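Notes follow once the structure below has been shown.
The values are calculated or read from the model by the stated rules, or taken from the named source; none is laboratory data. This structure is a prediction, so every number in the text was calculated from the model and none was measured. FYI the Cβ positions are ideal-geometry reconstructions off the backbone, even for glycines, and counts take in every protein chain you see.
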Amino acid sequence: MTTESVTHLCRHCSLCCNGILFSRVRILPAETKRVASKGMAFYTNSNGDHYFDQPCPSLRFGVCQIYESQPNTCRTYQCRLVKHVIDSALTLPEALTIVDQAIDLAGAVSKHLDKLFAPDWNRTYLKRLIRRALDTEKPDPQFLRDARKLVEHLDRYFDAQALLKTIPPPPKKVVHFKMAVGSSKTKHKDRTQR
């Protein structure tokens with residue numbers, strides 16, 4: 001795998017920059033001046049850690065505008081998918097297909113979120129929005145299935161285990177069926193539908 005191929009994959013994907021995988025990125029103290037010079041707002045938490053929110057303000061039309069001078073976290077991060085491509089466990093075309101599937105799955109989740117929130121909701125906070133959507137009294141089972149598919153896909157190929165823990169499995173479906181011909185009794189059977 002060449003450096004150009006990895007760069008092509010990352011630029012095609014940008015899930016680690018657009019808020020789907022991460023809600024913020026940590027930066028080193030020595031990088032704060034450079035980050036600020038690029039017009040990026042950053043924050044300092046009570047522990048003295050510096051970070052900026054996702055989507056990265058330097059990401060425009062899916063392309064990093066400061067690729068050559070990225071913060072260390074961005075420059076050194078490799079998702080599981082990139083590692084598989086580097087190790088030749090996946091080809092570049094296979095990896096690009098996996099990225100497209102992730103983007104499609106995120107789109108399916110966004111349709112559910114659009115019903116719950118203003119149509120201009122920001123993907124930046126996908127994880128928080130999913131949590132908030134689950135706080136509704138009766139979450140839509142299709143939404144739960146779509147959200148779970150997205151998160152499982154992200155975990156399998158991008159190592160998003162922390163995100164996976166935020167989505168409960170869809171509720172069990174109660175299936176009714178007659179015990180015997182002519183019987184009015186109904187028996188309940190739990191079956192998880194996935």
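Checking Val35 against (1) surrounded by 13 or more Cβ atoms within 10 Å (Cβ to Cβ); (2) among the hydrophobic types (A, V, I, L, M, F, W, C); (3) within 24 Å of the chain's Cα centre (by Cα); (4) under 16 Å from Pro71 (Cα atoms), which single condition isn't satisfied?
Going through the list (1) surrounded by 13 or more Cβ atoms within 10 Å (Cβ to Cβ); (2) among the hydrophobic types (A, V, I, L, M, F, W, C); (3) within 24 Å of the chain's Cα centre (by Cα); (4) under 16 Å from Pro71 (Cα atoms), Val35 breaks only (3).
List every residue pair whose Cβ atoms lie under 7 Å apart, where the two residues are 6 or more positions apart in sequence or sit on different chains, the first residue falls within segment 94-107 and is in contact (Cβ under 8 Å) with a residue 60 or more places away in the chain and farther than 9 Å from Leu150 by Cα, and the second residue, located anywhere, is among the β-branched types (Val, Ile, Thr) and part of a helix (DSSP H, G or I).
Ala95/Val85
Out of Ser69, Ser88, which single residue is of a type outside the set (A, V, I, L, M, F, W, C), farther than 13 Å from Thr7 by Cα and free of Cβ contacts under 8 Å to residues at least 40 places away in the same chain?
Working: Ser88 fails: free of Cβ contacts under 8 Å to residues at least 40 places away in the same chain.
It is Ser69.
For every residue, the table says whether it meets (1) of a type in the set (Phe, Trp, Tyr); (2) over 21 Å from Gln101 (Cβ atoms); (3) modelled with pLDDT of 90 or more.
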{"position": "Met1", "(1), (2), (3)": "no, no, no"}
{"position": "Leu9", "(1), (2), (3)": "no, no, yes"}
{"position": "Leu21", "(1), (2), (3)": "no, no, no"}
{"position": "Leu28", "(1), (2), (3)": "no, yes, yes"}
{"position": "His50", "(1), (2), (3)": "no, yes, no"}
{"position": "Arg60", "(1), (2), (3)": "no, yes, no"}
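Please go through segment 32-64 and give me each residue that is in a strand (DSSP E or B), out of contact with any Cys (no Cβ under 8 Å at 6 or more places or on another chain) and either under 28 Å from Ala95 (Cβ atoms) or among the aromatic types (Phe, Trp, Tyr) (or both), ordered by number.
From segment 32-64, those in a strand (DSSP E or B) are 43-44, 50-53, 59-60, 63-64; that's our starting set.
If we keep only those that are out of contact with any Cys (no Cβ under 8 Å at 6 or more places or on another chain) as well, we get 43-44, 50-53, 60, 63.
If the condition is that a residue be in a strand (DSSP E or B), out of contact with any Cys (no Cβ under 8 Å at 6 or more places or on another chain) and either under 28 Å from Ala95 (Cβ atoms) or among the aromatic types (Phe, Trp, Tyr) (or both), then Tyr43, Tyr51, Phe52, Asp53, Arg60, Val63 are the ones that fit.
If we scan segment 65-76, do we find a residue that is among the small types (Gly, Ala, Ser), under 16 Å from Asp159 (Cα atoms) and in a helix (DSSP H, G or I)? Spell out the reasoning first.
Step one: filter segment 65-76 for residues among the small types (Gly, Ala, Ser), giving 69.
Narrowing the set further to residues that are under 16 Å from Asp159 (Cα atoms) leaves none.
No - not one qualifying residue is present in segment 65-76.
Within segment 1-16, track down each residue that is more than 15 Å from Tyr77 (Cα to Cα), assigned to a loop (DSSP other than H, G, I, E, B) and in contact (Cβ under 8 Å) with a residue 40 or more places away in the chain.
Hit for segment 1-16 is Met1, nothing else.
For segment 59-108, give me each residue that is among the hydroxyl-bearing types (Ser, Thr, Tyr) and either buried (at least 20 other Cβ atoms within 10 Å of the Cβ) or closer than 18 Å to Ile20 by Cα (or both).
Thr73, Tyr77, Thr97
Mind checking whether some residue in segment 41-50 is of a type in the set (Phe, Trp, Tyr) and under 16 Å from Thr7 (Cα atoms)? Spell out the reasoning first.
Let us first name the residues in segment 41-50 that are of a type in the set (Phe, Trp, Tyr), namely 42-43.
Remaining after also requiring under 16 Å from Thr7 (Cα atoms): none.
There is no residue in segment 41-50 that is of a type in the set (Phe, Trp, Tyr) and under 16 Å from Thr7 (Cα atoms).
Looking at Gln101, is it in contact with a Phe, Trp or Tyr (Cβ under 6 Å, 6 or more places away or on another chain) and polar (S, T, N, Q)?
Details: in contact with a Phe, Trp or Tyr (Cβ under 6 Å, 6 or more places away or on another chain): no; polar (S, T, N, Q): yes.
So Gln101 fails the test.
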